[in-house]
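Below is one structure, written out as structure tokens; comments come after it.
The values are calculated or read from the model by the stated rules, or taken from the named source; none is laboratory data. What you are looking at is a predicted structure, and each value in this text was computed from that prediction instead of being measured. Backbone-built Cβ (ideal geometry, glycine too); neighbour counts: all protein chains shown. Please note that ligands, DNA and RNA were not included when accessible areas were found on the heavy atoms of the full protein model with its side chains. Shrake-Rupley method; radii C 1.70, N 1.55, O 1.52, S 1.80 Å.
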Amino acid sequence: MAMDVADFMPDEADIAGIKRNLDAYEARRASAYRQVRWRVPLFVGLVLVFVALVAWLFNMVADPYERWFSTPHVILYVVGFVAAILLYFQAIKPTSTLQQSFRKTLLPIVFGFIRDMRYDHDVTPNSFDRLPRETIGTFNSKRFDDVISGRYEGFAFELYEADLRQGTGTSAIAFKGVVVAFETVVPFPSILVAARRANMAVGFFRGMFASKMQELSCGVPELDAAYDFRSDNVEAAQPLVSGRLAQALTWLSETWPDDPARVALNGSDGFLLLPQTKNFFELPDISVPLDYAKHVAPMIADMGAMLATAALVRKIGAQDEAAG
């Protein structure tokens, strides 16, 4: 099950092309950064000067004991604070616009091993509604960052960064990380989920979804302790759970050791969920020059590793069928 990072890293000619695009971006980045350096103090400074001037005028009619702290003053300060925030984001807009356009332009070049690649941002992925909720439990807020779709090794996929929460705060995270959706080689005749074992509260809410699902065991103590295997078709699921799925999860536990990866099968749809706190496709701050070896090559390696892992997971049913 080993994978070679070199299989999806670009060759020297492609790297040269990527670096030429990086050079073009670098010129625009430096220009945008220079703009921001004067726009931020100018935009925010104008608000502060305006607030100070109006507050001084309020003092001329305010009670001597309420100068600077009367009700109109307080309202002015609140309005000024909100205006300063809005103008700050307006001031840095050239940088955020540049970085977003850079992703759309350069990512298809960077990920040359992906065919028919499409990039979206802050949209609900097409496959999300087909992701079995037993994999993640309940959530009442969802946010999607980068969404990349295309073809890898002959199969179509959709890969996206998701932040799903029930309430607010770190403890409310139902799932945060990368989801890779793909078509399985052999459709599973129902739903099969391998999710991390949850605490009692999360388990209760997940159980609301899994009322028709039966729990299974893979027979590997470490995996049974870490994973909650469930399916509404135990007869079809058990050979997979105790066979190639267990082998794949063992390998995944070494590849993604921080938080167990999750797997779900729903008919012909397969899902690989990789919990992760970092933003895989985040560019460095606009003040930092973009470097191929430091910023781009690790991004390519991460994407290749995730897709190679999905390629392995999507063959689980077919391999077990062949083995049987």
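Remark: ALA264 falls outside the filter, which requires a residue to be within 30 Å of ARG143 (Cα to Cα), assigned to a helix (DSSP H, G or I) and touching a strand residue (DSSP E or B) at 6+ places or on another chain (Cβ under 9 Å).
Annotation note: of PRO94, PRO108, PRO72, PRO132, the sole residue that is modelled with pLDDT under 80 and of a type outside the set (S, T, N, Q) is PRO94.
Table: residues versus (1) at positive phi; (2) open to solvent by 80 Å² or more (accessible area, probe 1.4 Å); (3) not aliphatic (A, V, I, L, M).
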{"position": "ALA32", "(1), (2), (3)": "no, no, no"}
{"position": "PHE58", "(1), (2), (3)": "no, no, yes"}
{"position": "VAL61", "(1), (2), (3)": "no, yes, no"}
{"position": "ARG67", "(1), (2), (3)": "no, yes, yes"}
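Among the residues of region 116-131, those identified as assigned to a loop (DSSP other than H, G, I, E, B) and open to solvent by less than 10 Å² (accessible area, probe 1.4 Å) are PRO125, SER127, LEU131. Every test in (1) small (Gly, Ala, Ser); (2) open to solvent by 50 Å² or more (accessible area, probe 1.4 Å); (3) touching a Lys or Arg at 6+ places or on another chain (Cβ under 8 Å) is passed by ALA91 save one, and that test is (2).
Exactly one residue out of PHE144, PHE113, PHE139 is under 30 Å from ARG28 (Cα atoms) and at pLDDT below 90: that is PHE113. The lone criterion from (1) in contact with a strand residue (DSSP E or B) (Cβ under 8 Å, 6 or more places away or on another chain); (2) at pLDDT 85 or above left unmet by PRO298 is number (1).
Any idea which residue in region 227-261 is surrounded by the most Cβ atoms within 10 Å (Cβ to Cβ), counting only those that are part of a helix (DSSP H, G or I) and among the small types (Gly, Ala, Ser)? So, considering only residues that are part of a helix (DSSP H, G or I) and among the small types (Gly, Ala, Ser), the one surrounded by the most Cβ atoms within 10 Å (Cβ to Cβ) is ALA237. Against the numbered list (1) more than 27 Å from ASP259 (Cα to Cα); (2) open to solvent by less than 70 Å² (accessible area, probe 1.4 Å); (3) in contact (Cβ under 8 Å) with a residue 60 or more places away in the chain; (4) among the polar types (S, T, N, Q), THR105 comes up short only at (2).
Mind checking whether some residue in region 183-200 is assigned to a helix (DSSP H, G or I), closer than 28 Å to GLU158 by Cβ and either open to solvent by less than 60 Å² (accessible area, probe 1.4 Å) or at pLDDT below 90 (or both)?
Checking region 183-200: not a single residue is assigned to a helix (DSSP H, G or I), closer than 28 Å to GLU158 by Cβ and either open to solvent by less than 60 Å² (accessible area, probe 1.4 Å) or at pLDDT below 90 (or both).
Taking region 219-249 as the range and being within 14 Å of ARG197 (Cβ to Cβ) and out of contact with any helix residue (DSSP H, G or I) (no Cβ under 9 Å at 6 or more places or on another chain) as the test, the residues that pass are PRO221, ASP224, ALA225.
Kindly provide the set of residues from region 153-165 that are surrounded by 18 or more Cβ atoms within 10 Å (Cβ to Cβ) and either modelled with pLDDT under 90 or not hydroxyl-bearing (Ser, Thr, Tyr) (or both), ordered by number. Matches in region 153-165: PHE157, GLU158, LEU159, GLU161, ALA162, LEU164, ARG165.
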